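Peer 1: Pasting a structure below so you can have a look.
FYI, it's all coordinate maths here, none of it is from the lab. Worth saying up front: this structure is predicted, and the values here are computed from it rather than measured.
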Amino acid sequence: MTVLKSCHSMRIREERSCFKCDKLFSELFRCKYDEKGNWIFLCKTCLDQSKLNNLFYQYGGTWKSKKR
Ligand SMILES: [Zn+2]
C-alpha cells in the first residue's frame with residue numbers, strides 16, 4: 001500500500017522522549033514502572049524490557065503525537 005503525501009511539512013511533529021533511553025518518539029506507552037507509582041512514558045522496546053519481572057508494572061495506554 002502506497003500513500004503519497006502531497007503536502008510535505010517541514011514542521012517538527014510533537015514528540016516525547018522515552019523515560020529510559022531518552023530517544024524521541026511519536027508514539028509512547030504510558031505505564032507505571034516502580035513502587036512510587038508515577039506514570040512515565042516508555043518506547044516499545046523499553047516497555048517490553050520493563051515489564052519483565054516487574055511487580056510494579058501497570059499499563060496506562062498509548063500516547064501518539066497528533067499528525068497534522
Ligand atoms: Zn526507550
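Peer 1: Across the range 16-64, how many lysine pairs, 8 or more positions apart or on different chains, have C-alpha atoms separated by under 18 Å? Please give the number.
Peer 2: The result is 12.
Peer 1: Turning to a different aspect of this structure: Given Cα positions, please report Rg to Rh for the range 16-64, the hydrodynamic radius being the Kirkwood one. List each step's numbers first, then the result.
Peer 2: On the way: Rg = 9.7 Å, Rh = 10.5 Å.
Result for the range 16-64 is an Rg/Rh of 0.93.
Peer 1: Given an 8 Å cut-off on Cα distances and at least 6 residues of separation, report the relative contact order of the range 16-64 as a percent.
Peer 2: Values: 87 pairs, mean separation 19.9, N = 49.
For the range 16-64, the relative contact order is 41 percent.
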